[in-house]
Amino acid sequence: MYLKHHEKQVEDILNYLDELYLHRIERMEEGRINGNKLKTELKRICTQIIRLQKKRLGQKDKIAFAHYRISDLEQIIEKIQACHQTNQEDL
């Protein structure tokens with residue numbers, strides 16, 4: 001649940017950045033922002049997007065690792081159950 005909420009927040013931030021970018025383009029077309037300010041703003045936005053994408057990739061790696069660990073634990077449980085059943089049959 002927490003991960004889905006976090007993914008929603010990341011998605012909302014990325015959507016906001018897209019809107020911000022489009023807003024800046026509109027303002028540039030209207031002549032309100034000069035080229036230097038636009039370049040600085042675009043660099044800042046790109047940096048934020050890259051940071052969020054890295055964070056998102058990190059979360060995907062954590063999820064993949066969790067799935068791996070769950071699978072590993074399931075196999076261990078099956079082995080323990082098989083050993084326990086064999087021990088019960090030997091009695």
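Are there any pairs with C-beta distances below 8 angstrom linking a residue in the stretch 58-70 that is on the phi < 0 side of the Ramachandran plot to a residue that is of a type outside the set (K, R) and part of a helix (DSSP H, G or I), with the two at least 6 apart or on different chains, and if so which? Taking only residues 6 or more apart or on different chains, the pairs are Q59/L3; Q59/H6; Q59/E7; I63/L3. Here Q81 qualifies as of a type in the set (S, T, N, Q), part of a helix (DSSP H, G or I), surrounded by 10 or more Cβ atoms within 10 Å (Cβ to Cβ) and at pLDDT 80 or above. Being modelled with pLDDT of 80 or more and either of a type outside the set (S, T, N, Q) or in contact with a Gly (Cβ under 8 Å, 6 or more places away or on another chain) (or both) is true of I13. For the stretch 45-56, the criterion of being among the polar types (S, T, N, Q), at pLDDT 80 or above, part of a helix (DSSP H, G or I) and under 26 Å from L3 (Cβ atoms) is met by at least one residue. Name the residue that is nearest to the chain's Cα centre (by Cα), counting only residues in the stretch 1-21 that are under 14 Å from Q53 (Cα atoms) and of a type in the set (A, V, I, L, M, F, W, C). Only one residue tops the list, namely V10.
The values are calculated or read from the model by the stated rules, or taken from the named source; none is laboratory data. Quick caveat, the model's predicted, so the values are computed rather than measured. Virtual Cβ from ideal backbone geometry, glycine too; neighbours counted across all protein chains shown.
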